[in-house]
Amino acid sequence: MNKEWKEVVLENETLRITLFPELGGKMTRLENKETGTQFMKQYVESEGELKPPKIGFDFMPPYAYGFDECFPTVAPSSYLFNERVIQLPDHGELWAQEWDYEVDENRIVLKASGVNFLYEFEKEIELKGSNIEIRYTVKNDSYRAFDYLWSSHPLLEVDDQDELLIDQEVDKVSIHETNEEGQISKKESEWPFVRGGKTDFSIVQAQSSGHAMKLFAERVKKGRAGLYRKQSDETILFEFDVDKTPHLGIWLCYGGWPEEADIGSYTVALEPATASFDKLSDAIDHRENKVIEPGENHTWNMSMKVINGKADI
C-alpha cells in the first residue's frame, strides 16, 4: 500500500498547486482552476509503489513526476572535497529527503539541509494571480567552499502535438551522450531538427515514438521558454534570470526512458540551470560550476505563469 503523503495546497482565484514536503518538496500538481488543465506530470501507479526514497536512490519511476530540484549535481558525480572523494547521487541530494516548511496564505517556504556538504537550501513559492514566483537561497554553513550546479526539474504533462516554445534565436542545441565506459560527449546539433533529421522536435511526439534525449540551449538571451498545450489552448511559461541561470535544459521523453520499461515515461521538461552539463565534474572541467564560500548566500529566481493561448517567446 502506498504511503499517505502529507499534501500542502496553495491556491488563489486562478491557480491551485499541491506539494509533498516529505518527498523533496515536490510540486505534484499545478492546475488552472478556470479550465481544469493539469500542467505537472502525474504519478503513474503502474510504474510502482511510491515509497519514501533514501539519499542515493536513482531517480527513476515512480518518482519521475512533478517538479523538484537538482542540487548540487544532476547526474551522479565524483567530487573531491576535504581530501576525500564524495559520490554525489543521481539528481542530487534534495529530491529524496523530507523538507521543513512554513505556510502563509498564498506562500510557502521550504527548507532542506545538505548531506555531503553543510548548507541550507531554501525555496520560497508564492502565488500571484496566474503567476508562481519562486525564490531560491542556498547558504554555505561550513568552513570550506564547495562547488555546485543547480537545475530546476519540472516534469510536465504532455499530449501528442503540444509545442515547445523556445527563443527563436536558439538555432543550436547540445546533445549529451554517454558511451559504454560512462564517458559523456557533447555534440552540437540544429534546433529543432535535431541530428539533421526531418522530425521537428519542438512538436511533442507520440509516446510510441520511443525517443528520449537531453538537450541544452546554452547561454540563452531570453530567459523565457514554454510548453503550449494545444488541446486546451494554454501555455505554461517559464521565466528565469539569464545572468544567474544562463542555460536551458530540455528533456524530451517520448517512451524512450527507462530503456527496460515496457512503456516508457511520457513527458518533457524545460529546466533553467546554472550549467550546460548534468554532471558536476563536467561542469567543473568546463568552468560552468558555481563556487560558494563559507558563510556565503547565493540567490536566484524563476517563475511559472499560466497563459491563455500560445505565448509569444
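Observations
- Applying the criterion of being buried (at least 24 other Cβ atoms within 10 Å of the Cβ) and among the aliphatic types (A, V, I, L, M) to the residues of the stretch 88-103, the residue that is farthest from the chain's Cα centre (by Cα) is Leu88.
- Members of the stretch 222-233 found to be over 17 Å from the mean Cα position of the chain (by Cα), surrounded by 21 or more Cβ atoms within 10 Å (Cβ to Cβ) and not aromatic (Phe, Trp, Tyr), listed by number: Arg229
- Once the stretch 28-85 is narrowed to residues that are modelled with pLDDT of 95 or more, polar (S, T, N, Q) and outside any strand (DSSP E or B), the residue that is nearest to Ala212 (Cα to Cα) is Gln42.
- Residue list for the stretch 205-221, restricted to those being over 18 Å from the mean Cα position of the chain (by Cα), at pLDDT 95 or above and surrounded by 15 or more Cβ atoms within 10 Å (Cβ to Cβ): Gln205, Gln207
- Of the candidates Lys198, Lys186, the single residue that is surrounded by fewer than 19 Cβ atoms within 10 Å (Cβ to Cβ) and in contact (Cβ under 8 Å) with a residue 40 or more places away in the chain is Lys186.
- Test: residue in the stretch 146-156 that is modelled with pLDDT of 95 or more, in a loop (DSSP other than H, G, I, E, B) and more than 14 Å from the chain's Cα centre (by Cα): no
- Residues in the stretch 233-249 that are closer than 20 Å to Tyr148 by Cα and either part of a strand (DSSP E or B) or modelled with pLDDT under 95 (or both): Phe240, His247, Leu248, Gly249.
- A single member of Pro61, Pro52 is surrounded by fewer than 18 Cβ atoms within 10 Å (Cβ to Cβ) and touching a helix residue (DSSP H, G or I) at 6+ places or on another chain (Cβ under 9 Å), and it is Pro61.
- Residue check for Gly249: free of Cβ contacts under 8 Å to residues at least 60 places away in the same chain and either under 23 Å from Phe67 (Cβ atoms) or crowded, with 22+ Cβ neighbours inside 10 Å (or both): no
- Across the stretch 194-232, the number of residues qualifying as under 15 Å from Glu163 (Cβ atoms) and part of a loop (DSSP other than H, G, I, E, B) comes to 10.
- In the stretch 265-313, the residues that are modelled with pLDDT of 95 or more and among the β-branched types (Val, Ile, Thr): Thr267, Val268, Thr274, Ile284, Val291, Ile292, Thr299, Val306, Ile307
- Taking the conditions (1) surrounded by fewer than 17 Cβ atoms within 10 Å (Cβ to Cβ); (2) under 18 Å from the mean Cα position of the chain (by Cα) in turn, Val173 satisfies each one other than (1).
- Residue ID - farthest from Asn297 (Cα to Cα), chosen from residues in the stretch 73-104 that are in contact (Cβ under 8 Å) with a residue 24 or more places away in the chain and among the acidic types (Asp, Glu): Asp90
- Considered as a group, the residues in the stretch 104-142 that are acidic (Asp, Glu) and at pLDDT 95 or above include one that is surrounded by the fewest Cβ atoms within 10 Å (Cβ to Cβ), and that residue is Asp141.
- Just one of (1) crowded, with 17+ Cβ neighbours inside 10 Å; (2) more than 22 Å from Asp68 (Cα to Cα); (3) of a type in the set (A, V, I, L, M, F, W, C) fails for Val158. It is (2).
- Any hit, the stretch 46-62, residues being in contact with a Ser or Thr (Cβ under 7 Å, 6 or more places away or on another chain) and without any contact (Cβ under 8 Å) to a residue 24 or more places away in the chain: no
Per-residue answers, yes or no, for (1) of a type in the set (A, V, I, L, M); (2) touching a Cys at 6+ places or on another chain (Cβ under 7 Å):
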| site | (1), (2) |
| --- | --- |
| Asn140 | no, no |
| Val170 | yes, no |
| Ala212 | yes, yes |
| Glu218 | no, no |
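The values are calculated or read from the model by the stated rules, or taken from the named source; none is laboratory data. Computed from a predicted model, the values in this text were never measured in an experiment. Using ideal geometry, Cβ is built from the backbone for each residue, glycine included, and neighbour counts are taken over all protein chains shown.
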